[in-house]
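Taking it in order: structure first as structure tokens, then the write-up.
The values are calculated or read from the model by the stated rules, or taken from the named source; none is laboratory data. In this text the structure is predicted, and so the values were computed from the model without any measurement. Here the Cβ is made from the backbone with ideal geometry for all residues, glycine too, and neighbour counts use every protein chain on show. Just so you know, the surface numbers come from the protein's heavy atoms only, side chains and all, with ligands and any DNA or RNA stripped out. Shrake-Rupley method; radii C 1.70, N 1.55, O 1.52, S 1.80 Å.
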Amino acid sequence: MYRPNLARLQYPLQCLLCQKSYWGRSSLCPQCRQLMPYLDYASQCHQCGLVSAHSNLCDTCRIEPPAFTQTYVPLAYGGLTSLLLNQFKFHTNFSAGKALTQLWQDALPKQVMGLYQDLDMIIPVPAHPQRIRKRGFHVTLWCARHISGMLARPFVNTWVERPHLAPAQKYLDAQTRRCNVADAFQVLQPQALHNKKLLLVDDVMTTGATLNALAEVCLDAGAKVCYVTALARA
């Protein structure tokens with residue numbers, strides 16, 4: 001049950017983006033929330049998340065679909081989204097992370113929520129321990145934990161690992177991204193994945209190569225279906 005923060009109700013807040021004072025419970029003022037670059041789920045391919053000229057399925061997914069079955073990403077990468085992600089990921093500003101996950105929840109379409117109601121488990125994209133130590137926290141685990149609370153579905157961080165340290169995806173082109181994540185993940189508990197409906201969580205989805213590689217190993221281990229989500233789509 002939601003318990004309001006009494007201090008937030010008694011004193012004005014300062015918006016994370018425009019720094020103006022306002023009254024409310026969110027970390028963003030109403031004006032900045034409206035200016036966020038929301039993606040229209042109705043105009044996206046429901047499998048890969050890209051804008052589709054056809055009804056809910058793009059030409060690429062018709063011909064060569066990814067391993068995952070469905071994608072939900074609420075925000076376009078860039079602009080205000082990038083400002084929040086930068087504060088969250090590189091300056092350990094958890095208020096920015098909470099603002100992003102709240103936007104994720106607020107924009108969640110009813111039809112996607114219907115899919116998520118019978119999830120067995122939420123799994124964050126694994127990160128190599130060295131990268132977690134360098135950043136100071138596990139970004140996708142943090143996101144998965146908050147999304148788990150919002151959906152009232154369990155999450156786990158021990159079924160799949162990333163045993164090898166690879167170059168960061170953001171510096172690579174699409175083809176190199178696919179090669180970079182080939183064999184990137186290792187399932188530690190395949191019996192736990194058997195016949196499970198999974199939601200795989202990332203912070204930013206670009207080509208989908210990372211999430212696709214993770215979905216492939218989960219399905220190979222016996223998972224029934226993999227849905228994917230992220231806070232933003234580049």
Burial order of peptide ranges 68-74, 143-149 (average beta-carbon count within 10 Å, highest first): 68-74, 143-149
Please give every one of the aspartates and glutamates within straight-line cross-link reach of Lys98, meaning a C-alpha to C-alpha distance under 19 Å, and leave out same-chain neighbours fewer than 8 residues apart. Asp106, Asp202, Asp203
With every protein chain left in place, what is the accessible area per residue of segment 1-128 in square angstrom, probe 1.4 Å? 56 Å²
Computed over the Cα atoms of the chain, what is the convex hull's projected area averaged over all directions, in nm²? 13.2 nm²
What residues qualify as long-range amide H neighbours of Gly24, i.e. H under 5 Å apart, gap of 5 or more or another chain, H built at 1.01 Å from N? Leu13
Evaluate the charge dipole of the chain about its Cα centre and quote only its size in Debye, nearest 20, assuming +1 on the Cβ of each Lys and Arg and -1 on the Cβ of each Asp and Glu. 860 debye
Over 24 Å (Cα to Cα) - which of Lys110/Lys224; Lys89/Lys196; Lys110/Lys197 fall in this group: Lys89/Lys196
Identify which of Met205, Met113, Met121 has the largest mean-square fluctuation in a Gaussian network model of the chain, with springs joining Cα atoms closer than 10 Å. Met113
Calculate the FRET efficiency for Tyr11 and Asn56 from the Cβ-Cβ distance with a Förster distance of 35 Å, rounded to the nearest 0.05. 0.20
Percent antiparallel among DSSP beta bridges (both partners in the chain, rounded to 5): 25 percent
For Val160, what residues show an amide H to amide H distance below 5 Å, using hydrogens built from the backbone and excluding near sequence neighbours? Leu188
For the chain, what is the mean residue ellipticity at 222 nm derived from helices alone (per DSSP H run of n ≥ 4: -39500 (n - 2.57); sum divided by total residues; nearest 500 deg cm²/dmol)? -10500 deg cm²/dmol
